[in-house]
């Protein structure tokens, strides 16, 4: 790991009755370092659950821990770590990580919302309202998530010589420096909320055409995140070296994975 760089960490879970216990539900906590990332709740043994966090490394090691809360034995099916460009997700810093609430390709070619679709394919399609000048979307957080929302919306005009202008609202707050958005033809663009939308039980996104627009608003894709505050920071980057007795994996920098994978 390189301190100061951003990383995407994806954890996946599929029970599949691996322990032959036929557990109707399993619940445990997932931690990133010493900060609560997500409460994992599994009620269908045949469905997989995915969660992602985007975080900035503060040391040369990141730990991912599964914590037994007395509602079933914790387990994990997959764990991915990917470095990210520094220019992406500017809201992420040493004191704030983002947890994916949902990611939507608004108009997938095959009708399936694929979390792993390549960006160039996603930006080739879009949705827009029919016989309306307004588009609205709502997202509800999972239990235990902070009610602090950030949204990243992606736009590309697909119609040549279009006259399309619209304003973007997040829980009533006007984004894009309070200026209407005019997507460029076949050019990807994105806007995001700088400050969290806090104090709401859900996130509401509204795209409203201006009076001068002859076309309705459009949207190619959207990502919605809740906040993970990095309020608890290890006192020293080497503190993790005290924990291997609790861990099933402990891999050092220079190997394919740099993870401290703990069961507490």
### Query
Of all residues in segment 211-225, how many are out of contact with any helix residue (DSSP H, G or I) (no Cβ under 8 Å at 6 or more places or on another chain) and either within 13 Å of residue 169 (Cα to Cα) or surrounded by 15 or more Cβ atoms within 10 Å (Cβ to Cβ) (or both)?
10
### Query
Quick check: is even one residue across segment 189-196 under 18 Å from the mean Cα position of the chain (by Cα) and under 18 Å from residue 38 (Cβ atoms)?
yes
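This table checks each residue for (1) over 21 Å from residue 141 (Cβ atoms); (2) out of contact with any strand residue (DSSP E or B) (no Cβ under 8 Å at 6 or more places or on another chain).
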residue	(1), (2)
7	yes, no
17	yes, yes
30	no, no
35	no, no
39	no, no
48	no, no
56	yes, no
### Task
Identify all residues within segment 180-196 that are part of a strand (DSSP E or B) and more than 17 Å from residue 125 (Cα to Cα); write none if there are none.
181, 191, 192
### Query
Only one residue in 79, 98, 88 is within 19 Å of residue 6 (Cβ to Cβ), assigned to a loop (DSSP other than H, G, I, E, B), touching a residue at least 24 places away in the same chain (Cβ under 8 Å) and within 19 Å of the chain's Cα centre (by Cα). Which one?
88
## Note on the structure
Of the conditions (1) surrounded by fewer than 19 Cβ atoms within 10 Å (Cβ to Cβ); (2) at pLDDT 50 or above, the single one that residue 228 does not satisfy is (1)
### Task
For segment 157-172, enumerate the residues that are part of a loop (DSSP other than H, G, I, E, B), at pLDDT below 95 and closer than 25 Å to residue 139 by Cα.
171, 172
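The values are calculated or read from the model by the stated rules, or taken from the named source; none is laboratory data. The structure displayed is predicted, hence computed values, not measured ones. Note: ideal-geometry Cβ built from the backbone for every residue, glycine included; neighbour counts use all protein chains shown.
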